[in-house]
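Have a look at the structure below before the remarks.
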Amino acid sequence: MAELIAPTQQLHSSWLTARDEWQPGTHQDGAGLRLVGDDDLDSSEGFASWVERLRQQSDRSLPVGEGRVHATHWWIVDGETYLGAIDLRHYLNAFLLEGGGHIGYSIRPSARRRGLATWALGAVLLKAPALGLDRVLLTCDDGNAGSARTIENNGGVLEDVRSTGIGVKRRYWITLDDAGHSPSPRAVARTVTS
């Protein structure tokens, strides 16, 4: 059964296997790979250092660096198997407002088409009001039909499609109610398989 967990160095081997499914240099939304710095993620020490930076990014008492915002990262896992990542950015800067949004997510190629992204997004939307958010912006590449469906299945309303510094993006807003977002019945009913 899939669950969201905080990043952990205990899944190093599974994370490396998942990473190797991606084309080299492919951006993985929500994975926090921009925080890697000079660390060698193949080494236990480098991986542990990166995992700690992912965890610290949610601590608002710590600076996050130029051009970054505070964010909470989760890994999507099934037992000891890393399936993907999702993050919730606590607020938007100009870059995120234009094309990045509040939430980024990616599913490893071998785990796609199982409803994981829809489920994970619904779970994270439930956490957003705790940060004082009453609505969140999500974006996806204009040609990414799967991600557009994931967002729409969680109540996303298309605001526009625009050219940004990172490509043509579909921009969706999801309004959260006072009790937190309730994912669509379709998203809740969907069984996540491994």
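Are any residues in segment 104-116 under 20 Å from Thr8 (Cα atoms) and outside any loop (DSSP other than H, G, I, E, B), and if so, which ones? Spell out how you get there, then give the answer.
Initial filter on segment 104-116 (under 20 Å from Thr8 (Cα atoms)): 104-108, 111, 116.
Once the filter is applied, which keeps residues that are under 20 Å from Thr8 (Cα atoms) and outside any loop (DSSP other than H, G, I, E, B), segment 104-116 yields Gly104, Tyr105, Ser106, Ile107, Ala111, Leu116.
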**Asked** How about segment 20-41: which of its residues are on the phi < 0 side of the Ramachandran plot, of a type outside the set (A, V, I, L, M, F, W, C), buried (at least 16 other Cβ atoms within 10 Å of the Cβ) and touching a residue at least 40 places away in the same chain (Cβ under 8 Å)?
**Response** Gln28, Asp29
**Request:** Could you tell me which residue of segment 79-91 is nearest to Leu16 (Cα to Cα), considering only residues that are open to solvent by 30 Å² or more (accessible area, probe 1.4 Å) and in contact with a helix residue (DSSP H, G or I) (Cβ under 9 Å, 6 or more places away or on another chain)?
**Result:** Thr81
**Asked** Just one of the numbered conditions (1) in a helix (DSSP H, G or I); (2) open to solvent by 30 Å² or more (accessible area, probe 1.4 Å); (3) touching a Ser or Thr at 6+ places or on another chain (Cβ under 8 Å) is not true of Phe95; which one?
**Response** (3)
**Asked** Given the conditions (1) part of a helix (DSSP H, G or I); (2) crowded, with 17+ Cβ neighbours inside 10 Å, and given that Arg55 satisfies all but one, which numbered condition is not satisfied?
**Response** (2)
**Residue tally, condition assigned to a strand (DSSP E or B) and over 13 Å from Leu92 (Cα atoms), over segment 124-144** = 2
**Request:** Please state which one of Ala120, Ala85 is modelled with pLDDT of 95 or more and in a helix (DSSP H, G or I).
**Result:** Ala120
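The values are calculated or read from the model by the stated rules, or taken from the named source; none is laboratory data. Small disclaimer: the values here were computed from a predicted structure and weren't measured. Cβ atoms come from the backbone with ideal geometry, glycine included; neighbour counts cover every protein chain shown. Note: areas computed on protein heavy atoms with side chains; ligands, DNA, RNA excluded. Shrake-Rupley method; radii C 1.70, N 1.55, O 1.52, S 1.80 Å.
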